[in-house]
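The values are calculated or read from the model by the stated rules, or taken from the named source; none is laboratory data. Here the structure is a predicted model, which is why all the values come from computation and not from measurement. Every residue, glycine among them, receives a Cβ derived from its backbone with ideal geometry; neighbour counts consider all protein chains shown. Each accessible area value is taken on the protein alone, full model and side chains, heavy atoms only, with ligands, DNA and RNA left out. Shrake-Rupley method; radii C 1.70, N 1.55, O 1.52, S 1.80 Å.
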Amino acid sequence: MLSLTRIEYLKLSHKLRSFLGSMIITALLALMAIGFALHPPGMPGGVAMQAGFVMVGSPLSAFLVTRMVMEVLLVLLIPFICLGVGDLVAGEAEDHTLRTVLCRPPSRARFLAAKVAAAFGFTGAHVIFVIGVPLVVFGFIFGYGPMFIFGQKVAIIGRGEALLRLLGSGLYMIWGLMVLASLGLLLSVLVEKAIGPAIGTFAIFSALMIIGTIPLGFLKTISPYLFTTQLFKWSLLVSEPIPWGEVTRGIVTLGVWSGVCLAAAFLIFSRKDITC
Amino acid sequence: MSNDLVLCTRGLTKHFGKLRAVDHLDLEVRRGDVFGFLGPNGAGKSTTIRMIMGLIRSNEGQIEVLGHNTRRQREAAMRKVGAIVEEPAFYRFLSGRRNLEILSAMSGGAPPQRIDEVLEVVGLTSRARDKVKVYSHGMKQRLGIAQALLPGPELVILDEPTTGLDPQGMREVRELIRDLAARAQVTVFLSSHLLNEVEQVCNRVAVINQGRLLATGDVTSLVRQGSNVRVVTSEPERAALLLQRQDWIGQVQVDGDALRVSAKPEAVPELNALLVQAGHRVSELTPIRASLEDVFFQLMGESNDVKPDSNRIPEAQP
């Protein structure tokens, strides 16, 4: 199993498209860093905050800026996850390498498990990149001071806790994006063209996002059960106080989505006729 | 399954919707065989190979490879099997050698010298570090054979292995197949359209059409069964009537002043005696050896004439 997973990483590492997301994110971060360095942003919270507080120094630290950047980059990450994961099985079917590898002794379940591990690693690596690089880059610009949390109240947390909360948010983000990866894998085992699952996963994500934001009767009722609604709740871990009930509900909902998608993917793939 | 059988299918059936691609197919490949698997396009050869390799699930029947049921013990069954299923496909962005390393790791791993060996066998050593995307079709075909040989197989399944190769390459592959069977004691299951190729390298064959087995057995027996005897007598029509009444004689055709009698070459003396005893003056009795191609087309013709349910031709008698 370890050997199969290593092979999957090797394959991913030889494809340029695997690095497309991180390359674009790097470029974007470089632009942001230059922008922040030249024109430091004002106090978050707007006019009301500025009217009620007298600030000495800057409330901005690498932790706060990273948290702000994460919000933007998560949206950017989604199409790249769809692209990378959608290709995992369907890409092999399209290149006909699927039949070459499935003629080998390992079972389809092991093969797909290695793909799941690759998808997990791919997603995790992107999230680590989205948190790690800004923390380092903005650390040079803003330093690692305490983190301000702006909500109904303003809270200030120490750097140790701030780092821990960002790590927690990252783990939640990985967990949430695994739903996307699982959905991508499910679509990837269904078809034999790589572009289909990538577009399909992104289309489903976008449709559920829209459904989740429509405040109408039934749609409002199902909204909390949509993974798109729960995916963005990672930010609860950098709010004060942390609503643990809501976080737990998010983790469970996302877990159920991933579980169902992966179970369906395994079931379909184990019974599928490989005719490509 | 007897220890002697390396591959055995029983009642193997596959439907694609209403189409019956493979229909109750029984095959037996013995250890050391170079087994030819023949049939026209769409006969069900590739579907059968895909079922053997576990790429396609059968609707009925069972497959045993090296004593293991492929549905229940696929991993054990495939450990000592190498295969090319249709056109070999590789990771284009990796080198030939890296592809072999990956495929070897998937079969439990092989030492680097084994990879060197198989590259040497197929003549790709000097190009092993090039990316597959720059390989010619023939080179990919060779790499396909190399990957099939990687696990030190007891059974090699080759689906049209000489497709795309130049005449020199085709000859080398044929020699390689003979070598595998003779020196390495590898059993080879060879699906091919090239009847001449099969006749040259295979000791046993199976012929299928429309998913059904038409004939199976030793190549020599099949060819002998398809052989004819040319008979020239004074009264061909009367002689034909006499011969048609004999149950040990197959078809009798009048061809001008001669007869074409479907009978084995060993039947010539008996044929002569029969005609002479009946008062015929026999001036010529010539055995005409059939080729595998003659037998193949004869079987195809018969299978297209007969009703689906009576489509079976009994195993060729040695």
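Which of the helices (runs of 4 or more DSSP H) contained wholly in segment B:136-204 include at least 1 residues that are among the hydroxyl-bearing types (Ser, Thr, Tyr), closer than 19 Å to B:Met78 by Cβ and free of Cβ contacts under 8 Å to residues at least 24 places away in the same chain?
none
Would you pick out the residues in segment A:237-257 that are surrounded by fewer than 19 Cβ atoms within 10 Å (Cβ to Cβ) and either part of a helix (DSSP H, G or I) or of a type in the set (A, V, I, L, M) (or both)?
Across segment A:237-257, the qualifying residues are A:Ile242, A:Trp244, A:Gly245, A:Glu246, A:Val247, A:Thr248, A:Arg249, A:Ile251, A:Val252, A:Gly255, A:Val256.
Every residue, every condition in (1) in contact (Cβ under 8 Å) with a residue 24 or more places away in the chain; (2) touching a Gly at 6+ places or on another chain (Cβ under 9 Å); (3) crowded, with 22+ Cβ neighbours inside 10 Å, yes or no:
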{"residue": "A:Arg110", "(1), (2), (3)": "yes, no, no"}
{"residue": "A:Phe120", "(1), (2), (3)": "yes, no, no"}
{"residue": "A:His126", "(1), (2), (3)": "yes, yes, yes"}
{"residue": "A:Ile149", "(1), (2), (3)": "yes, no, no"}
{"residue": "A:Leu164", "(1), (2), (3)": "no, no, no"}
{"residue": "A:Leu180", "(1), (2), (3)": "yes, no, yes"}
{"residue": "A:Val189", "(1), (2), (3)": "yes, no, yes"}
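Out of curiosity, is B:Gly152 surrounded by fewer than 21 Cβ atoms within 10 Å (Cβ to Cβ) and either in contact with a Cys (Cβ under 6 Å, 6 or more places away or on another chain) or on the phi > 0 side of the Ramachandran plot (or both)?
yes
Here are B:Gly42, B:Gly67, B:Gly82: which of them is farther than 27 Å from A:Phe111 by Cβ and at pLDDT below 95?
Selected residue: B:Gly42, the only one of B:Gly42, B:Gly67, B:Gly82 that is farther than 27 Å from A:Phe111 by Cβ and at pLDDT below 95.
Could you count how many residues in segment A:1-31 are more than 18 Å from the chain's Cα centre (by Cα), of a type outside the set (Val, Ile, Thr) and within 14 Å of another protein chain (Cβ to nearest Cβ)?
Residues meeting the conditions: 13.
Test A:Phe205 against the stated conditions and say whether it is within 14 Å of another protein chain (Cβ to nearest Cβ) and open to solvent by less than 30 Å² (accessible area, probe 1.4 Å).
Considered against the rule, which asks whether it is within 14 Å of another protein chain (Cβ to nearest Cβ) and open to solvent by less than 30 Å² (accessible area, probe 1.4 Å), A:Phe205 comes out as no.
Does A:Gly255 satisfy the condition of being away from chain B (no Cβ under 14 Å), of a type outside the set (A, V, I, L, M, F, W, C) and in contact with a helix residue (DSSP H, G or I) (Cβ under 7 Å, 6 or more places away or on another chain)?
Here the answer is no, as A:Gly255 does not meet what is asked.
Which residues, counting only those in segment B:250-270, are in a loop (DSSP other than H, G, I, E, B), open to solvent by 30 Å² or more (accessible area, probe 1.4 Å) and free of Cβ contacts under 8 Å to residues at least 40 places away in the same chain?
B:Gly250, B:Gln251, B:Gly256, B:Asp257
Counting only residues that are within 28 Å of A:Glu92 (Cα to Cα) and basic (Lys, Arg), which one in segment B:21-55 is farthest from the chain's Cα centre (by Cα)?
Here the answer is B:Arg50.
Conditions tested, residue by residue: (1) β-branched (Val, Ile, Thr); (2) within 28 Å of A:His39 (Cβ to Cβ); (3) open to solvent by less than 50 Å² (accessible area, probe 1.4 Å).
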position	(1), (2), (3)
A:Met68	no, yes, no
A:Val72	yes, yes, no
A:Leu77	no, yes, yes
A:Gly86	no, no, yes
A:Ala90	no, no, yes
A:Leu98	no, no, yes
A:Leu102	no, no, yes
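Just the residues that are more than 23 Å from B:Gln298 (Cα to Cα) and modelled with pLDDT of 85 or more, please, taken from segment B:251-270.
Within segment B:251-270, B:Pro269, B:Glu270 qualify.
Keeping to segment A:214-234, report how many residues are at pLDDT 90 or above and assigned to a helix (DSSP H, G or I).
So the count comes out to 12.
Has segment B:118-132 got at least one residue that is open to solvent by less than 70 Å² (accessible area, probe 1.4 Å), within 25 Å of A:Arg110 (Cα to Cα), out of contact with any Cys (no Cβ under 7 Å at 6 or more places or on another chain) and not aliphatic (A, V, I, L, M)?
No, segment B:118-132 has no match at all.
Which one is nearest to the other protein chains (Cβ to nearest Cβ) among residues in segment B:80-112 that are part of a strand (DSSP E or B) and not polar (S, T, N, Q)?
B:Ala83
Does B:Ser58 satisfy being within 14 Å of another protein chain (Cβ to nearest Cβ), touching a helix residue (DSSP H, G or I) at 6+ places or on another chain (Cβ under 6 Å) and either surrounded by fewer than 23 Cβ atoms within 10 Å (Cβ to Cβ) or assigned to a loop (DSSP other than H, G, I, E, B) (or both)?
Answer is yes for this residue.
Tell me, please, whether a residue that is hydroxyl-bearing (Ser, Thr, Tyr) and over 23 Å from the mean Cα position of the chain (by Cα) can be found in segment B:98-111.
Yes, the conditions are met somewhere in segment B:98-111.
When the residues of segment A:258-275 are narrowed to those that are within 14 Å of chain B (Cβ to nearest Cβ) and over 15 Å from A:Phe111 (Cβ atoms), which ends up least open to solvent (accessible area, probe 1.4 Å)?
Taking the candidates together, the pick is A:Asp273.
Take residues that are surrounded by fewer than 21 Cβ atoms within 10 Å (Cβ to Cβ) and tell me which of the strands (runs of 3 or more DSSP E) falling wholly in segment B:1-52 contain 1 or more.
In segment B:1-52, B:5-16, B:19-30 are the strands (runs of 3 or more DSSP E) which contain 1 or more residues that are surrounded by fewer than 21 Cβ atoms within 10 Å (Cβ to Cβ).
Restricting to segment A:151-162, name every residue that is touching a residue at least 24 places away in the same chain (Cβ under 8 Å) and part of a helix (DSSP H, G or I).
Scanning segment A:151-162 gives A:Arg159, A:Ala162.
In the set B:Gln246, B:Gln210, which member is touching a helix residue (DSSP H, G or I) at 6+ places or on another chain (Cβ under 8 Å), at pLDDT 85 or above, open to solvent by 80 Å² or more (accessible area, probe 1.4 Å) and over 15 Å from B:Asp294 (Cα atoms)?
Just one listed residue meets the conditions, B:Gln210.
Can we say B:Ala77 is in a loop (DSSP other than H, G, I, E, B) and facing chain A (nearest Cβ under 10 Å)?
Considered against the rule, which asks whether it is in a loop (DSSP other than H, G, I, E, B) and facing chain A (nearest Cβ under 10 Å), B:Ala77 comes out as no.
In this structure, is A:Val116 within 28 Å of A:Met1 (Cα to Cα) and either open to solvent by less than 20 Å² (accessible area, probe 1.4 Å) or within 14 Å of another protein chain (Cβ to nearest Cβ) (or both)?
Answer is no for this residue.
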